[in-house]
Amino acid sequence: MSRRKIIKKIRVETAYVIACLIIGMLRMLPRRAALGFGSVLGRIISYVAVKDVKCAADHLTLAFGDEKTDAEIIRMARETFRQIAMNFVDTVRIRSTSHDELKRLSVPHNMERLFSALEEGNGVIVLASHTGSWEWSGAYISIMGTPLSAVTTKMYDPRLEKMLVDTREYAGINVVSRGDNTRDILRTLKNKGAVGVLVDQDTKVKGEFVDFFGRPAHTATAPAILSMKYYSPIIPVFTYRDSQNRHHICIGEPVTIEPTGDKEKDILEITQKCSKVTEDFIREHPTQWVWFHKRWKTRSVS
């Protein structure tokens, strides 16, 4: 084994051990203490991860530069890391949180929109984003009785992946790794369930370039394709944390268009609308999105 591979293996093993220790501690602590730890950790990271903070600040400037000062942008960027750390705390604690407690800490908004869409009988495409604790919102929808399959990306370490899958399955979520088990997605829709898809990140999937905060962003077209093929409505489900550390589960209006008969054109329009409703929610809760993600990494060749 080469020296580089040995160093990489040591880093992976060290990261795994540290993750296990932190997760174990967070699950044993009372929620208030665990969130306090997450808040402090997030603040520390926001001063240590200089490159990530700069990336977040650059993206925030792109979105809010005309209305916020440089000092405000930096504060927002740092607050983003605190929020993400606290959401990480609640995510790893889902496995040790009773369903009754999970319901108590959730504040649903317009759930009737989701139930009404499900009653149509063609399943539902849940449009989610990396805003707030998206894992928590998925758990809430599932324990409220909606069969939910979540399309996810596998983690680099299969042991950490298993821990996350166990957390999702505890809440009754069926995990579908991107590119695998396509039949599970179709089975969920046929059984009048919901398929959760996140489209607000730049990943290696089939997509189109649509506007996102004023710039073209490569965006997954899976929700549009599934919706058109199986007549499944697209329902935005976004979440944010409030000052009392409750999770607000916000159900948006269905994403619809007037079909033109031109399949490619319709897919592009639906994808643009999905991007717009995602952007609108992020604008309402700007410090709760992952601004350090390189959302505009992929460039259009045209």
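Structural remarks
- Candidate set from region 244-263 (those that are at pLDDT 95 or above and more than 16 Å from the chain's Cα centre (by Cα)); member that is farthest from A139 (Cα to Cα): V255
- Of all residues in region 214-249, those satisfying the criterion of being part of a loop (DSSP other than H, G, I, E, B) and crowded, with 17+ Cβ neighbours inside 10 Å are T221, S232, P233.
- Screening Q201 with (1) polar (S, T, N, Q); (2) at pLDDT 95 or above; (3) surrounded by 15 or more Cβ atoms within 10 Å (Cβ to Cβ) gives one miss only, at (2).
- Restricting attention to region 250-289 and to residues that are under 30 Å from R78 (Cβ atoms) and of a type in the set (A, V, I, L, M), the residue that is surrounded by the most Cβ atoms within 10 Å (Cβ to Cβ) turns out to be I282.
- Options G132, G121; residue that is touching a Lys or Arg at 6+ places or on another chain (Cβ under 6 Å) and farther than 21 Å from I249 by Cα: G121
- Any hit, region 261-279, residues being part of a loop (DSSP other than H, G, I, E, B) and either among the β-branched types (V, I, T) or under 30 Å from K190 (Cβ atoms) (or both): yes
- Residue in region 212-222 that is among the charged types (D, E, K, R) and touching a residue at least 60 places away in the same chain (Cβ under 8 Å) present: yes
- V210 meets all of the listed conditions (1) β-branched (V, I, T); (2) farther than 19 Å from F238 by Cβ; (3) not in a helix (DSSP H, G or I) but one, namely (2).
For (1) farther than 21 Å from E13 by Cα; (2) touching a Leu at 6+ places or on another chain (Cβ under 6 Å); (3) surrounded by 15 or more Cβ atoms within 10 Å (Cβ to Cβ); (4) at pLDDT below 90, each residue gets a yes or a no:
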position: I141; (1), (2), (3), (4): yes, yes, yes, no
position: K162; (1), (2), (3), (4): no, no, no, yes
position: V165; (1), (2), (3), (4): no, no, yes, yes
position: V175; (1), (2), (3), (4): yes, no, yes, yes
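- Any hit, region 186-195, residues being under 22 Å from K265 (Cα atoms) and surrounded by 16 or more Cβ atoms within 10 Å (Cβ to Cβ): no
- The strands (runs of 3 or more DSSP E) found wholly in region 90-177 and carrying at least 2 residues that are under 14 Å from the mean Cα position of the chain (by Cα) occupy 124-128, 148-152.
The values are calculated or read from the model by the stated rules, or taken from the named source; none is laboratory data. Predicted, not measured: the structure shown is a model, and the values here were computed from it. All Cβ positions, glycine included, derive from the backbone under ideal geometry; neighbour counts span all protein chains shown.
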